[in-house]
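The values are calculated or read from the model by the stated rules, or taken from the named source; none is laboratory data. Predicted model, so just to flag it, every value in this text is computed and none were measured. All Cβ positions, glycine included, derive from the backbone under ideal geometry; neighbour counts span all protein chains shown.
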Amino acid sequence: MEKFLKVTEVAEILNFTPAGVYQLTFKNKIPVVRISRRCLRFRPEDIGNWLREKTQTVQSAGETEAAARRTSRSRRGRLKDSSVDSIVRNAKKEILGKEGEKK
């Protein structure tokens with residue numbers, strides 16, 4: 001039988017809060033298996049493939065500063081979509097870098 005990850009496990013892998021993972025799933029930004037309305041699970045291989053798909057080349061210092069300016073919070077305190085994308089990119093770099101060290 002196939003093993004699935006829980007929201008808390010994916011949050012730990014991505015270094016997110018569970019609320020951040022829920023936000024990604026409800027915006028359809030991360031692959032998810034919806035068991036029921038309240039029960040979400042993730043295939044480990046889907047998460048790995050998603051991270052590899054989202055991986056981008058390393059940015060120059062100027063591009064990094066520009067990205068940091070774009071990731072500011074909106075007036076109501078919510079993260080902008082560009083903030084979520086930036087967080088995901090950083091998490092992928094961190095995880096994929098760790099996978100490279102293990103091999």
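The single condition among (1) at pLDDT below 85; (2) loosely packed, with under 10 Cβ neighbours inside 10 Å that SER36 does not meet is (1). For the stretch 73-96, a residue qualifies if it is more than 14 Å from LYS27 (Cα to Cα) and either at pLDDT 75 or above or within 12 Å of the chain's Cα centre (by Cα) (or both), and the qualifying residues are SER86, ILE87, ARG89, ASN90, ALA91, LYS92, LYS93, GLU94, ILE95, LEU96.
Quick check: is even one residue across the stretch 59-71 part of a loop (DSSP other than H, G, I, E, B) and at pLDDT 90 or above?
The first filter runs over the stretch 59-71 and keeps only residues part of a loop (DSSP other than H, G, I, E, B), leaving 59-60, 71.
Next cut, at pLDDT 90 or above only: none.
Checked the stretch 59-71: no residue is part of a loop (DSSP other than H, G, I, E, B) and at pLDDT 90 or above.
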